[in-house]
Amino acid sequence: MLQVTCGMFEKNKKVLICQRSAKMKHPMKWEFPGGKIEPEESKEDCLQREIKEELGMIITIDRALNPVEHQ
Ligand SMILES: Nc1nc2c([nH]c(=O)n2[C@H]2C[C@H](O)[C@@H](COP(=O)(O)OP(=O)(O)OP(=O)(O)O)O2)c(=O)[nH]1
């Protein structure tokens, strides 16, 4: 099973979603920003790393939402 984290950023009743580029897997799909957890990496470290890589932002995590499994 692939383990992925993603972040939900909410402000003024709006939620941030991002669009994958044409060159990525699942091109042009909308997603919550995040990515795959690397070996030995915590979920929190993964989310902070991915958000820095993708959006250039340093974030603090407020709370975890319930994990979801899908195929
Ligand atoms: N970020 C993100 N990924 C999602 C969401 N929903 C969903 O099914 N996914 C899937 C798509 C991908 O198969 C996987 C995330 O992988 P990714 O390719 O974005 O991760 P990554 O940044 O680590 O990519 P890479 O280094 O391998 O290029 O999770 C979502 O809301 N956000």
Assigning unit charges at the beta carbon (Lys, Arg +1; Asp, Glu -1) and nothing else, what dipole magnitude in debye, to the nearest 20, does the stretch 4-55 show about its Cα centre? 440 debye
Among the Cα-Cα pairs of the stretch 4-55, the proportion with separation greater than 18 Å, in percent, is 36 percent
Under the helix-only model (-39500 (n - 2.57) for each DSSP H run of 4 or more, divided by the residues of the chain), the mean residue ellipticity at 222 nm, to 500 deg cm²/dmol, is -6000 deg cm²/dmol
Pull up the cross-link candidates among the aspartates and glutamates for Lys43, meaning alpha carbon to alpha carbon under 14 Å and not fewer than 8 places away within one chain. Asp62
Under the 7 Å Cα-to-Cβ spin-label approximation, Ile59 and Gln3 lie apart by a distance in nanometres of 1.9 nm
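So for each of 13-25, 45-57 I average, over its residues, the number of other beta carbons within 10 Å; can you give me the resulting order with the highest mean first?
Order by mean packing, descending: 45-57, 13-25.
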Quick one: order Phe32, Phe9 from most to least accessible surface, probe 1.4 Å. Phe32, Phe9
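The values are calculated or read from the model by the stated rules, or taken from the named source; none is laboratory data. This is a predicted model, so every value here is computed, not measured. Quick reminder, even Gly has a Cβ in these numbers, built from the backbone with ideal geometry, and neighbours come from all protein chains shown. Protein only, heavy atoms only, side chains kept; ligands, DNA and RNA dropped before computing areas. Shrake-Rupley method; radii C 1.70, N 1.55, O 1.52, S 1.80 Å.
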